[in-house]
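This report concerns only the one structure given below.
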Amino acid sequence: MWAIINALATSLAFIWGAPWREYETLRVFRAIQRAALGIGLGIVLLFFAYPDALFSRLTLYQEALTPNSGTSELTHRGWDYPIQNFLGAFGYDRWLYGYGIGTTALGGQYVARFFNAKPPVTGVESGFGTLVVEMGIGGLVLWITMGLAILFSAWKVVKKLKGSPWFPLAFVIFWYAFFLLFPATFGGIQPYEDFLLNAYFWLLLGVLFRLPTIALSAQFAANAPPSKPWRSWIR
């Protein structure tokens, strides 16, 4: 589901951010058509090469994601279950100020056993709920404030680069930041705690905020008058 949402969001953004006067939108449409054609050909190849695997997955998706299916998990997994886990964080006594950073981490059980310490807090699956359990309601408020500040600043850069060749890269970094800070973390704290995803997040933010300077440097280099040839004064 998130793959489909990401594909639609990036496709619409690339169309919106393309320079219409230079007919770059047609190139974006062609690129999207080629990508859709490639996906279609891949499904056709799967149909002929591994039909059982393809149909079994399609059946699973139809039963689990179709709203009118008797075994649909779309509403439960998409909303009810995450909300229940988030609200479960307020069932802990210290939801106001938390138990401390890392107290719900999986490795805490090994540390507690080694030092004969008190067993760690069980915690909840919701990432926002984990923030409440570890750092209290104030930690969650600070997280949301930090996320909104990052996204607001990133969106200003994206709008500034609209119509330039750097726009697709800027928007993808912005969308990655949005996905990691809010939807992915709301479902669970594991994506943000993944050191690869976390490292890419902060490194790419640095790239994003540097893009306007790179774009201006490239534009200046393109418009700069040609330099005079070097003359040799040695005879």
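Quote to one decimal, in nm, the extra length available between residue 152 and residue 96 on full extension: 0.36 nm per residue of separation minus the C-alpha distance between them. Please report the intermediate quantities before stating the final value.
Working: separation 56, 0.36 × 56 = 20.16 nm, distance 2.78 nm.
This chain segment gains 17.4 nm when fully extended.
Using alpha-carbon pairs under 8 Å, 6+ residues apart, how would you state the relative contact order of region 1-72 in percent?
Over region 1-72, the number comes to 13 percent.
Students often get this wrong: which residues of region 32-46 have the backbone nitrogen under 14 Å from the point 7 angstrom along Cα-to-C-beta of residue 66?
Output list for this probe position: empty.
Using the Cα centre of region 1-72 as the reference point, and only Cβ charges (+1 on K/R, -1 on D/E), how large is the resulting charge dipole? Debye, rounded to the nearest 20.
Computed about the Cα centre, the dipole is about 240 debye.
Would you please calculate the Kirkwood hydrodynamic radius of region 1-72 over all C-alpha pairs and express it in Å, rounded to one decimal?
14.6
Can you give the extra length, in nm with one decimal, that the chain gains between residue 6 and residue 214 once fully stretched, where that is 0.36 nm per residue apart less the Cα-Cα distance? If you can, show how the numbers build up before the last one.
Working: separation 208, 0.36 × 208 = 74.88 nm, distance 2.64 nm.
Gain on stretching residue 6 to residue 214: 72.2 nm.
Would you mind putting 134-146, 188-200, 168-180, 40-52 in packing order, based on average other-beta-carbon counts within 10 Å, highest first?
Result, highest mean Cβ count within 10 Å first: 168-180, 134-146, 188-200, 40-52.
Taken together, the values in this text are just the output of simple stated rules run on the coordinates, not laboratory data. On a predicted model such as this, the values are computed, not experimentally measured, just so you know. When we count neighbours, we look across all protein chains shown, and the Cβ atoms used for this are built from the backbone with ideal geometry, even at glycine.
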